[in-house]
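Take a look at the structure below.
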Amino acid sequence: MSTSHIVALTSELLVFTWGDGRRGQLGHGELETWRSRPEAVESLKTKSITKVGAGDGFSVFASDNGILMTCGDGTLGCLGHGDWHSVSEPKLVEALLSVDVSAVACGPEHVVVVGGQGDVYTWGRGYKGRLGLGHEEDCCSPQEMTALNTEEVYIGNVQLCGT
């Protein structure tokens with residue numbers, strides 16, 4: 001959930017979205033002022049999505065085979081497509097094709113992804129060092145966090161790897 005919209009995942013691995021769609025974050029392929037009822041994202045029905053996230057004007061979807069897709073507002077780099085463009089239908093994050101995405105989390109203006117080997121990638125707005133990359137620059141493509149000196153990686157209260 002974000003301040004603009006809601007992304008829900010069912011036990012049948014269907015993704016439903018509703019709320020503000022003015023930036024394409026609902027993933028239905030169009031910009032829309034408001035969607036008051038949940039509707040399945042048609043283009044994700046065959047993708048076996050197992051993880052979802054919602055930021056301020058963008059959405060993130062990870063599949064059971066570790067691929068990541070995003071849609072919505074790209075002006076802060078939150079989509080990870082290597083540009084600042086917005087898209088209204090989920091699009092593959094090509095830079096992470098070789099990464100087996102095991103966890104995803106969104107802040108209002110950034111994304112964090114953990115790979116199957118404990119590798120961590122961030123992108124989006126870098127203000128106040130929130131990307132963990134040692135600078136405050138915005139990044140429009142996934143950047144590996146190399147400064148992590150830990151064997152344990154958490155997103156929220158969930159331990160993703162380590163002892």
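The values are calculated or read from the model by the stated rules, or taken from the named source; none is laboratory data. Predicted, not measured: the structure shown is a model, and the values here were computed from it. Here the Cβ positions follow ideal geometry from the backbone for every residue, glycine too, while neighbour counts run over all protein chains shown. SASA here: full protein model, heavy atoms, side chains in, ligands and nucleic acids out. Shrake-Rupley method; radii C 1.70, N 1.55, O 1.52, S 1.80 Å.
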### Task
Report, by residue number, each residue of segment 42-67 that is surrounded by fewer than 17 Cβ atoms within 10 Å (Cβ to Cβ), acidic (Asp, Glu) and within 20 Å of Ile6 (Cα to Cα).
Glu42
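Is it the case, given these coordinates, that Val52 is over 23 Å from Asp138 (Cα atoms) and either part of a loop (DSSP other than H, G, I, E, B) or within 12 Å of the chain's Cα centre (by Cα) (or both)? Lay out the reasoning, then the answer.
Values: over 23 Å from Asp138 (Cα atoms): no; either part of a loop (DSSP other than H, G, I, E, B) or within 12 Å of the chain's Cα centre (by Cα) (or both): yes.
Considered against the rule, which asks whether it is over 23 Å from Asp138 (Cα atoms) and either part of a loop (DSSP other than H, G, I, E, B) or within 12 Å of the chain's Cα centre (by Cα) (or both), Val52 comes out as no.
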### Query
Does Thr70 satisfy being open to solvent by less than 30 Å² (accessible area, probe 1.4 Å) and either farther than 19 Å from Thr10 by Cβ or not charged (D, E, K, R) (or both)?
yes
### Query
Across segment 11-41, what is the number of residues that are in contact with a strand residue (DSSP E or B) (Cβ under 8 Å, 6 or more places away or on another chain), over 19 Å from Cys106 (Cβ atoms), assigned to a loop (DSSP other than H, G, I, E, B) and open to solvent by 90 Å² or more (accessible area, probe 1.4 Å)?
2
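Out of everything in segment 94-140 that is touching a residue at least 60 places away in the same chain (Cβ under 8 Å) and open to solvent by 30 Å² or more (accessible area, probe 1.4 Å), what residue ends up being farthest from Gln25 (Cα to Cα)?
Asp138
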